[in-house]
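Participant: Just passing along the structure, written as structure tokens.
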């Protein structure tokens, strides 16, 4: 933001410097003219600055948009009134044959170079962003160890990677603008441990939130977040999702106790213990949540659970204005009704 502002200020300064030069040349001519505006006659530059300031800023901003001085943007946005998709730009990074052979040795049959599979992973149908490239390889790891080896190999060959969850996002999270390797986490879908007394559960990232709640229902517990159907726990962490129950139970950041993450060099870190309260070190869990795969690949999630309410009631109400609806919602929350 500061860099754009400084460029606009610099462009405006150059504009007004040339304007001042032209004004000084024509100053005598302006003074000899008869005008009813004495203020502009005494100070013609004041007249120019007041009338042309918006134009100058518009010209400056337009020149920056047409001729950027820094790296080009990752996206080309459509016009305001257009409903066209946003095109995500990127230069393709060639995947060497050596890396493909290494991935084949790691994943065995759980790897594909099939164009249709790569297209489906690189251009999700429910996204408003259209990519210019698709992944060159799609791998389906079954364990944290395999994820670590995959990431390490990609790091060695300097090939980009994109973790892939349920692909329910509409913000372009699963796009591969530079090609590379797509790591589909769908085969890592186990519930590793359930602690009913502590009301938490340890799952792999490929577990869907709807399937998890079906698993938890016999125990009288549930995971309170409810984003779109098909969303997986790993993707929900990466995008910091919420849902219609967020007002009562919070967002993903409020319901994750700890994570295990594979870093860019293949190292595996655990962000916290299962303890509900700890003052030891940085809060790495909340740092990773919402990072959208930029800090690492999530391979394990410990979630906070809630007791299934004994009774629940759904009411549909009509309000004459949005303000009336907001006032009732606030009054309901302040009353203690959950």
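Participant: State, as an integer percentage, the relative contact order of segment 86-184 based on alpha-carbon contacts under 8 Å between residues 6 or more apart.
Facilitator: 39 percent
Participant: Moving on to the next point. How long is the gain from residue 284 to residue 334 if the chain were fully straight, where each residue apart is worth 0.36 nm and the alpha carbon distance is subtracted? Don't skip to the end; give the middle numbers.
Facilitator: On the way: separation 50, 0.36 × 50 = 18.00 nm, distance 3.26 nm.
Length gained, residue 284 through residue 334: 14.7 nm.
Participant: Now for a separate question. With 10 angstrom as the radius, rank 164, 249, 119, 219 by how many other C-beta atoms surround their C-beta, starting from the fewest.
Facilitator: Ordered from fewest to most neighbouring Cβ atoms within 10 Å, 164, 249, 119, 219 come out as 119, 219, 249, 164.
Participant: Related question: Based on Cα coordinates alone, diagonalise the gyration tensor for segment 191-307, multiply each eigenvalue by 5, take square roots, and list the semi-axes in whole Å, largest first. Before the final figure, lay out the partial values.
Facilitator: On the way: eigenvalues 90, 50, 37 Å².
Each semi-axis is the square root of five times an eigenvalue, giving 21, 16, 14 Å.
Participant: Moving on to the next point. Sorting 200, 109, 283 on the 10 Å Cβ count, fewest up front, what's the list?
Facilitator: In increasing order of surrounding Cβ atoms, one gets 109, 283, 200.
Participant: Right, next: Which distance in Å, rounded to a whole number, links the C-alpha centroids of segment 260-301 and segment 179-243?
Facilitator: 16 Å
Participant: Would you mind classifying segment 238-299 by shape? Square roots of the alpha carbon gyration tensor eigenvalues, ordered a ≥ b ≥ c; an a/c under 1.5 is rounded, otherwise it is prolate if a/b is larger than b/c and oblate if not.
Facilitator: Here segment 238-299 falls in the oblate category.
Participant: Moving on. Taking all pairs of distinct Cα atoms, average 1/r, flip it, and tell me the Kirkwood hydrodynamic radius of segment 147-227 in Å to one decimal place.
Facilitator: About 14.8 Å for segment 147-227.
Just so you know, all these numbers are worked out from the coordinates, no wet-lab data involved. Note that this is a predicted model, so its numbers are computed, not measured. Heads up, the Cβs are rebuilt from the backbone with ideal geometry, glycines too, and the neighbour counts pull from every protein chain shown.
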